[in-house]
Structures are given as C-alpha cells and as structure tokens.
Amino acid sequence: MAEVEKVHCLIIGSGPAGYTAAIYAARAGLKPVQYQGLQPGGQLTITTDVENYPGYPNGIMGPQMMIDFEQQAQRMGADIRWGMATQVDFNSLPHKVQIDDEKWIEADSVIIATGASAKWLGLESEQRLNGHGVSACAVCDGFFFKNTDVAIVGAGDTACEEALYLSKLCSHVHMLIRRSEMRASKIMQDRVLKTENITVHWNTETLEVLGDHKVDSIKVINHQSKAESVIPVKAFFVAIGHEPNSSMFKGLLDMDESGYLQTLPGSSKTNIPGVFACGDVQDKIYRQAVTAAGSGCMAALDAERYLSALEG
C-alpha cells in the first residue's frame with residue numbers, strides 16, 4: 001500500500017475562497033497543502049473584466065486576478081498542487097481525502113472551497129460567446145451593458161432579482177420564461193411585471209445566441225404559436241441556478257435541499273469538527289468574489305483556532 005501523506009491543513013478548491021484560505025493558513029504557520037481542482041481559479045477564470053473587487057481601480061481580467069491570488073498564496077508558503085479530491089472519509093481523525101482516485105492524504109483539518117458551477121442551457125453558441133456577452137452573473141457583468149438591450153433566461157427569484165437589477169442599468173430587459181408561469185415568489189413576479197422596461201416573453205425558449213465575436217441577438221421560439229423570432233440584444237444572462245460542487249460530501253456533511261453545505265451561523269464550521277467550508281459551495285445568497293474571499297479568511301482562522309485547541 002502506498003504511503004499516506006500527512007498534512008496539518010488541507011484545502012480543496014482554488015477560487016477566491018480557497019486561495020484566501022491558503023494565504024491566511026500559510027501566514028499562520030499551518031503549512032497548508034492546496035489541491036486546485038478541475039478548474040483552477042474557479043468561476044472567475046471564465047469571467048472577463050472584474051470591476052467590483054476592491055483594490056483594482058482600473059479593473060482586472062478574472063483569470064489574471066486568480067493568478068495574482070495564487071502567486072500571493074505561494075509567496076506566503078502555501079503548497080499549491082494540481083489535482084482534485086475524489087473521495088473523503090470524515091468518520092475518524094485525522095480526516096482522510098483521496099486525490100485523483102489514487103493517493104490518500106490524512107489531514108488534521110480540511111477546508112472545503114470547491115465552489116459552485118452555473119447551470120447552462122447547453123447551447124454551443126452560449127459556450128462560444130461565454131465572456132463575450134453571455135454571462136451567468138448579472139451583478140458581475142450587467143454594468144458593461146449600460147443603456148443597451150439585454151435578455152435574461154430564468155423563472156425563479158434569482159432570475160427576477162437579476163432582471164430588476166439589469167432594468168436599472170439597461171435600456172430594456174427581455175425576460176424569457178419557458179412556461180406560462182414563473183417559479184418566483186408572488187412579490188418578485190409583481191415587481192418584474194410592474195417594471196416598464198422589462199418585457200416578459202412567456203412560453204419562450206432560446207434556440208441560439210447569435211453573433212460572431214460578441215452577442216448581437218438571440219433566436220427564440222414561442223411554444224404556443226410555434227413562431228421563431230430574433231431579438232436584438234447586446235448581452236444574454238443565464239439565471240437558471242447554480243450547482244454547488246458538493247456531491248462527494250453527501251451523507252457526511254449537512255447540506256440544504258439544493259446541496260449547499262451548511263455551516264454554523266457566523267462561522268465556517270460544518271457539522272464535523274475540523275472540517276470547514278467557505279465560498280460558493282456554502283453561499284447561495286451572495287456568490288461574489290469578495291464575499292468568497294472573506295469566507296476563505298474565516299475558514300483559515302477557524303482552522304487555526306481548531307488546531308490550536310487540538311494541540312493545547
């Protein structure tokens with residue numbers, strides 16, 4: 001049997017939460033080992049301009065921002081590695097995590113920062129123009145489309161919130177609903193329907209996002225009339241939900257009905273001592289780079305206190 005590596009603090013995932021946890025854990029002398037996962041840098045690596053993160057007065061490209069985070073964590077002494085966690089065993093101490101279906105690591109503390117993935121419609125054109133007018137975050141990217149016409153697809157509270165947010169920035173918002181009703185709460189539906197520059201297209205499905213290098217329109221079909229039409233827009237926002245990357249923790253860690261890990265209020269502590277969660281895998285409300293980074297800091301501080309108590 002291969003030798004098991006023992007580490008003091010293991011960080012799984014590498015977005016703003018994971019890298020910030022690595023920075024704090026390294027500065028605290030925890031000698032963190034961080035596995036970056038399938039998408040090093042997380043969702044920000046498929047984002048273009050980031051203008052709402054403090055400290056970047058001229059804005060920064062998402063991928064470059066994540067390189068900056070990684071380099072800062074490395075400078076502090078974090079051991080950052082390529083690879084992903086594929087299995088965990090939290091039933092006894094130390095905690096055990098398997099990497100790439102091969103190697104097992106024993107960790108005195110584990111910080112989970114595996115993030116979440118936006119759900120997409122599955123269109124080729126949607127992926128091709130992702131970051132060039134196609135976005136899964138209106139709060140992140142709506143600003144770049146001020147005073148233009150945009151479209152948003154989704155029928156829940158989040159879609160309504162994002163449509164209302166866009167209505168304050170954009171000339172007109174086309175909201176595409178696949179069915180004849182929304183899933184959103186009554187109050188959110190009422191707000192959307194009362195907003196003059198939001199047009200709700202019922203029974204409407206997106207067939208294609210059009211544009212060579214950036215979005216210039218969308219092709220849709222109305223399921224009642226069977227009529228196809230083209231709506232000129234400069235951006236296409238997808239708000240059909242996010243999927244937390246938490247499936248490997250099912251049955252071990254407390255999570256809500258959507259799979260978001262639940263932490264003790266005001267902390268990053270999960271229901272298992274020594275296991276902490278931060279970033280979008282446990283935050284379905286804010287989902288911003290700055291809040292993810294803040295929760296990564298919390299996780300490292302919580303891990304440091306836990307390890308100190310364990311040793312003391």
| Residue of SER171, SER92, SER268 that the Gaussian network model of the chain assigns the largest fluctuation, springs spanning Cα pairs under 10 Å | SER92
| request: Calculate the tail of P(r) for region 8-161: the fraction of all Cα-Cα distances greater than 22 Å, expressed in %. | output: 50 percent
| field | DSSP H segments from the chain that extend 18 Å or more along their own axis, Cα-based, with Kyte-Doolittle mean of -1.0 or above | value | 157-169, 289-311
| query | Once you mark the trypsin sites (Lys or Arg not before Pro) that are in a DSSP loop and have at most 13 other Cβ atoms within 10 Å, what is the longest gap between them in the chain? | reply | 1-145
| field | Additional length obtainable on full extension of the chain from ARG305 to SER247, 0.36 nm per residue less Cα span | value | 18.1 nm
| remark: Once normalised by the length of the chain, the mean sequence separation of its alpha carbon contacts under 8 Å that are 6 or more apart gives a contact order in percent of 20 percent
| query | Among the Cys residues of the chain, which have no other cysteine Cβ under 4.7 angstrom away? | reply | CYS9, CYS160, CYS170, CYS278, CYS297
| field | Charge dipole of the chain about the Cα centre (unit charges at C-beta), most positive-ward option of THR148, GLY294, GLN98 | value | THR148
| Taking the Cα centre of region 120-238 as origin and charging only Cβ (+1 Lys, Arg; -1 Asp, Glu), how large is the dipole, in debye to the nearest 20? | 220 debye
| Given that just one value was derived from the coordinates, which of (i) 21.1; (ii) 16.2; (iii) 17.7 is mean projected area of the Cα convex hull in nm²? | (iii)
| request: In nm, give the distance between the simple-model label positions of ASP100 and LEU38, each being 7 Å from the Cα along the Cα-to-Cβ direction. | output: 1.6 nm
| task | Using the Cα centre as the reference, give the magnitude of the dipole from point charges on the C-beta atoms of the chain (Lys, Arg: +1; Asp, Glu: -1; all else neutral), rounded to the nearest 20 debye. | result | 540 debye
| Euclidean distance between Cα centres, region 42-103 to region 279-312, Å | 13 Å
| remark: For the MET76, VAL4 Cβ pair and Förster radius 22 Å, calculated FRET efficiency rounded to 0.05 is 0.25
| Looking at the chain, which longest stretch skips every one of the GluC sites (Glu not before Pro) that is in a DSSP loop with at most 15 other Cβ atoms within 10 Å, leaving the sites themselves out? | 103-180
| ILE67 to SER171: FRET efficiency via 1/(1 + (r/R0)^6), r the Cβ-Cβ distance, R0 51 Å, to the nearest 0.05? | 0.90
| task | Count the DSSP beta bridges whose two residues both fall in the chain, then state the antiparallel fraction as a percent rounded to the nearest 5. | result | 45 percent
| field | Cα-based reach from LYS250 at 16 Å (exclusive), listing aspartates and glutamates while leaving out same-chain residues under 8 positions away | value | ASP89
| task | Let me have the relative contact order for region 120-238, percent, based on Cα pairs under 8 Å that are six or more residues apart. | result | 31 percent
| Going toward the positive end of the dipole of the chain, with +1 on Lys and Arg Cβ and -1 on Asp and Glu Cβ, which of LEU129, PRO54, LEU253 do you reach last? | PRO54
| Taking Rh as the Kirkwood radius, which is the inverse of the mean 1/r over Cα pairs, what is the Rg/Rh value for region 49-123? | 1.08
| Which listed pairs, of LYS6/LYS103; LYS146/LYS234; LYS168/LYS234; LYS31/LYS269; LYS146/LYS219; LYS168/LYS194, have C-alpha distances above 18 Å, in listed order | LYS31/LYS269; LYS146/LYS219
| Extension gain, ASN147 back to ASP256 (0.36 nm per residue minus Cα-Cα distance, nm) | 35.4 nm
| request: Give the calculated FRET efficiency between ASN52 and HIS223 to the nearest 0.05, with a Förster radius of 45 Å applied to their Cβ-Cβ distance. | output: 0.75
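The numbers here are math on the coordinates, done by the rules we state, and not lab data. Predicted, not measured: the structure shown is a model, and the values here were computed from it. FYI the Cβ positions are ideal-geometry reconstructions off the backbone, even for glycines, and counts take in every protein chain you see.
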